[in-house]
Every structure is written in C-alpha cells, then in structure tokens.
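One structure, as structure tokens, below. Some questions next.
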Amino acid sequence: MGILDLLFPKTCLGCGKEGRYICENCIDKVKTPKPVCPGCLKSSIDGMTHSKCLRPWGLDGLTALWNYDGVIRKAILALKYKYADEVAKELSNYALAAIKTYNSSFLVPASPAGRPNSYSLVPVPLYWYRKNWRGFNQTEEIGKVVAEGVGWKFIPDLLVRHELKVPQTALKRKERLQNVRGVFALNSSYALNPIPHTLVLFDDVWTTGSTLKEAAKVLKRAHVEKIWGLTLARGIS
Ligand SMILES: [Zn+2]
Ligand SMILES: [Zn+2]
C-alpha cells in the first residue's frame with residue numbers, strides 16, 4: 001500500500017466500504033440486461049439483430065454487460081475524474097470476467113491454445129467533454145484490456161471523430177440520431193489497408209444507440225461485413 005492509499009483510501013463508489021472503488025458485493029447487485037435486438041430493442045437470442053430488423057449499414061447484434069445502474073453507473077461516471085485510471089482498471093477486470101462467462105455464440109474468446117480469433121475491437125471515439133482530466137479516453141483503455149484478454153485485435157484509431165454541434169445529453173432521443181450524423185469518419189490511413197471482416201464496436205453505455213449506430217454505418221460503408229455492439233452498460237428506460 002502506498003502513501004497515497006493511506007491519505008486517500010479507496011472506498012467503494014457504491015457502498016463506501018474501504019478497499020476498492022467497485023466492491024464485489026455492489027457489482028453483484030447490478031443485473032445483466034436481457035439480450036435484445038439493437039434494431040427494435042425487443043428480446044432476441046444472444047442479442048442478435050432480428051432478420052426483419054437487419055439494415056444494410058446496421059449493427060448485427062448487441063451485448064451489454066450490465067444495466068446502467070448502481071455501482072456500474074457510478075463507476076462509468078467516475079471515469080472522467082482524477083482516480084479514473086484505478087476505476088478503469090477495476091472495471092476492465094470485471095468486464096473481462098463478465099465476457100469470459102457470458103453465454104453468447106458471438107462473444108467467443110480465443111481458443112485455449114491462445115490462437116486469436118478473427119475479431120477486432122474498435123472503441124468508439126469520445127467527444128472531448130467525455131474525456132478525463134488528462135484528455136484520456138478511459139473507455140478505450142478498458143477496450144484494450146478486454147481485447148487483449150480475449151485475444152481480439154485492438155484497433156483504437158480506425159474511426160476518427162468530428163466535434164458535435166450540440167452535446168447529446170442536451171437532446172431528445174430523436175434529435176440525437178440527427179445530431180451524430182456525419183460525426184464519424186474512417187481514418188484515412190486505413191483507406192488502402194484491408195478492413196477487418198468482423199468488428200466488435202465498443203462503447204461505455206448504450207442509451208439510445210444513436211452513437212453506435214452511426215459508427216457502425218461508417219464502418220459498413222467501408223465494407224466491414226459484421227459489426228457487433230459491445231457496451232459495458234445499457235440504459236434502463
Ligand atoms: Zn460496495
Ligand atoms: Zn428486432
């Protein structure tokens with residue numbers, strides 16, 4: 001234990017117990033949402049998009065590890081602050097463990113022999129106001145740990161982001177989709193390289209889905225064939 005731990009002991013963001021930011025007791029209380037189709041948000045096997053909901057540039061499925069609730073919500077909100085590195089580290093470990101035990105035909109980790117499968121994880125680039133105090137995108141850091149842990153390639157810079165005119169949080173559901181239109185682009189340095197066949201598009205929270213859907217559209221237009229949305233949490237509305 002370092003001197004900083006003595007001066008500022010870590011306490012659980014959920015219950016205040018000392019030791020870590022996310023205690024096991026609090027994370028066990030946050031439920032895993034039932035898998036839903038990202039098109040219609042009705043239940044579907046493994047979160048696969050229903051065939052009638054498939055769109056040419058849409059997501060092929062969606063997995064959210066937790067409800068956006070309890071200690072998970074508090075931890076995701078805390079990713080902007082000074083102790084963000086530590087919170088991100090704890091969240092990464094929990095996310096990795098959750099993915100490894102997640103019973104889904106899509107989220108298949110690398111084989112025991114360590115042979116990576118053919119997926120690549122691409123984090124959704126953040127808006128400036130959601131980066132932390134050092135300008136870091138903690139979601140990207142979590143995505144990296146997850147990708148390495150399950151043997152996926154990690155491509156943090158496949159997408160680039162333009163600034164939004166209006167913060168998403170200031171808008172209603174319908175306006176959000178309009179607001180993010182054209183906000184992402186394919187990184188031009190990938191234009192001549194082969195684009196991955198199957199991608200896991202990673203973000204912290206699925207709220208209306210407008211951000212993930214817009215990012216998926218750009219990637220599918222660049223000829224990515226399958227895109228699965230993976231988020232730490234899904235908003236419960
Ligand atoms: Zn706790
Ligand atoms: Zn559907």
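The values are calculated or read from the model by the stated rules, or taken from the named source; none is laboratory data. Keep in mind that what you see is a predicted model, and the values were worked out from it rather than measured. Methodologically, a virtual Cβ is constructed for each residue, glycine included, from the backbone with ideal geometry; neighbour enumeration extends over all protein chains shown.
With without any contact (Cβ under 8 Å) to a residue 40 or more places away in the chain and on the phi < 0 side of the Ramachandran plot as the only criterion, which of Ser210, Ser188 stands out?
Details: Ser210 fails: without any contact (Cβ under 8 Å) to a residue 40 or more places away in the chain.
Only one candidate passes the filter, namely Ser188.
Here's a follow-up. Which residues, taken from region 30-58, are within 16 Å of ligand 2 (Cβ to nearest atom), β-branched (Val, Ile, Thr) and assigned to a loop (DSSP other than H, G, I, E, B)?
Thr49 - this is the single residue of region 30-58 that is within 16 Å of ligand 2 (Cβ to nearest atom), β-branched (Val, Ile, Thr) and assigned to a loop (DSSP other than H, G, I, E, B).
All but one of (1) in contact (Cβ under 8 Å) with a residue 40 or more places away in the chain; (2) buried (at least 20 other Cβ atoms within 10 Å of the Cβ) hold for Thr198, so report the exception by its number.
Looking at each condition in turn, Thr198 falls short on (2).
Give me the pairs, please: first residue somewhere in region 25-41 and under 30 Å from Cys53 (Cα atoms), second residue anywhere and surrounded by fewer than 21 Cβ atoms within 10 Å (Cβ to Cβ) and among the acidic types (Asp, Glu), beta-carbon distance under 7 Å, and either six or more positions apart or on two chains.
Every condition considered, the pairs that remain are Val30/Asp69; Pro35/Asp46.
Related question: Among the residues in region 123-135, are any assigned to a helix (DSSP H, G or I) and not charged (D, E, K, R)?
Yes, the conditions are met somewhere in region 123-135.
Follow-up question, since we're still on this one. Among the numbered criteria (1) touching a residue at least 60 places away in the same chain (Cβ under 8 Å); (2) more than 18 Å from the chain's Cα centre (by Cα), which one does Glu225 miss?
(1)
Of these, Asn193, Asn179, Asn187, which one is touching a strand residue (DSSP E or B) at 6+ places or on another chain (Cβ under 6 Å), over 29 Å from Thr32 (Cβ atoms) and surrounded by fewer than 23 Cβ atoms within 10 Å (Cβ to Cβ)? Break it down into steps so the answer makes sense when it comes.
On the way: Asn193 fails: touching a strand residue (DSSP E or B) at 6+ places or on another chain (Cβ under 6 Å); Asn179 fails: touching a strand residue (DSSP E or B) at 6+ places or on another chain (Cβ under 6 Å).
The conditions single out Asn187.
Mind checking which pairs have a first residue in region 10-24 that is in contact (Cβ under 8 Å) with a residue 60 or more places away in the chain and over 15 Å from Gly70 (Cα atoms) and a second that is within 7 Å of ligand 1 (Cβ to nearest atom) and of a type outside the set (Asp, Glu), Cβ under 7 Å, 6 or more apart or different chains?
Within 7 Å, the pairs are Arg20/Cys12.
Being surrounded by fewer than 14 Cβ atoms within 10 Å (Cβ to Cβ) and modelled with pLDDT of 90 or more, is that true of even one residue in region 118-137?
No, every residue in region 118-137 fails to be surrounded by fewer than 14 Cβ atoms within 10 Å (Cβ to Cβ) and modelled with pLDDT of 90 or more.
I'm checking my understanding of the structure. Among residues of region 6-63 that are among the acidic types (Asp, Glu) and under 24 Å from Ile99 (Cα atoms), which one is nearest to ligand 1 (Cβ to nearest atom)?
Quick first cut of region 6-63, residues among the acidic types (Asp, Glu) only: 18, 24, 28, 46, 60.
Now restrict to residues that are under 24 Å from Ile99 (Cα atoms): 24, 28, 46, 60.
On the way: Glu24: 8, Asp28: 9, Asp46: 30, Asp60: 35 Å.
Restricting to residues being among the acidic types (Asp, Glu) and under 24 Å from Ile99 (Cα atoms), the top hit is Glu24.
Here is a further query. Which ones in region 201-237 are crowded, with 18+ Cβ neighbours inside 10 Å and part of a helix (DSSP H, G or I)?
Ser210, Thr211, Leu212, Lys213, Glu214, Ala215, Ala216, Lys217, Val218, Leu219, Lys220
Let me ask something else. Among the residues of region 59-99, how many are within 16 Å of ligand 2 (Cβ to nearest atom) and either in contact with a Lys or Arg (Cβ under 7 Å, 6 or more places away or on another chain) or among the charged types (D, E, K, R) (or both)?
3
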